[in-house]
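Chemist: Before we start, here is the structure in question, set down as structure tokens.
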Amino acid sequence: MSILLIPFSWIYSGLTKLRLYLGAHQKIDIPVICVGNINMGGTGKTPVVIDLVMRLLEMGKKPIVVTRGYGGSNKGPIMVTSKHTADDVGDEPILLTGFSEVCVSRNRIYGAKMA
């Protein structure tokens, strides 16, 4: 069965490379670690982010998490504070503020520039 899927993986890979090549590229003057995949929810991204944040803090770094804020109404970019609710920014950004500063932005470039 997996042999039958190989042509689809080639097509998917080619389209992904094309999208990345044609997409808007912008530079930011800070190091970036991207945690993500093609699946939404339930794949363990949040625990990985928390672990990365903890490790970076141990190294004396000051990480800031930039997220789209799935489930929240605010499109950002906005730095999450204790005044925000899950309805505003989503539940994961609220959780992540216990570990790091968090910026919610539907546009990750704008969020990264704000961070």
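Chemist: Is region 1-19 home to any residue that is part of a loop (DSSP other than H, G, I, E, B), at pLDDT below 85 and under 17 Å from Arg106 (Cβ atoms)? Don't jump to the end; show me each part of the working.
Modeler: Looking only at region 1-19, we keep the residues that are part of a loop (DSSP other than H, G, I, E, B), and these are 1.
Narrowing the set further to residues that are at pLDDT below 85 leaves 1.
Still in the running and under 17 Å from Arg106 (Cβ atoms): none.
Checked region 1-19: no residue is part of a loop (DSSP other than H, G, I, E, B), at pLDDT below 85 and under 17 Å from Arg106 (Cβ atoms).
Chemist: From the list Arg68, Arg55, Arg19, exactly one residue is out of contact with any His (no Cβ under 9 Å at 6 or more places or on another chain), surrounded by 15 or more Cβ atoms within 10 Å (Cβ to Cβ) and not hydrophobic (A, V, I, L, M, F, W, C). Which is it? Give the steps one after another, and end with the answer.
Modeler: Details: Arg55 fails: surrounded by 15 or more Cβ atoms within 10 Å (Cβ to Cβ); Arg19 fails: surrounded by 15 or more Cβ atoms within 10 Å (Cβ to Cβ).
Answer to the check: Arg68.
Chemist: Test Tyr70 against the stated conditions and say whether it is out of contact with any Pro (no Cβ under 6 Å at 6 or more places or on another chain), among the aromatic types (Phe, Trp, Tyr) and either modelled with pLDDT of 85 or more or at negative phi (or both). Walk me through how you get there before you give the answer.
Modeler: Details: out of contact with any Pro (no Cβ under 6 Å at 6 or more places or on another chain): yes; among the aromatic types (Phe, Trp, Tyr): yes; either modelled with pLDDT of 85 or more or at negative phi (or both): yes.
So Tyr70 passes the test.
Chemist: Which of the helices (runs of 4 or more DSSP H) found entirely inside region 33-115 contain at least 2 residues meeting this: free of Cβ contacts under 8 Å to residues at least 24 places away in the same chain? Spell out the reasoning first.
Modeler: Details: elements: 45-58, 86-89, 91-96, 108-114.
Qualifying helices (runs of 4 or more DSSP H): 45-58, 86-89, 91-96.
The values are calculated or read from the model by the stated rules, or taken from the named source; none is laboratory data. Quick caveat, the model's predicted, so the values are computed rather than measured. Please note: Cβ atoms are built from the backbone with ideal geometry, for glycine as well, and neighbour counts cover all protein chains shown.
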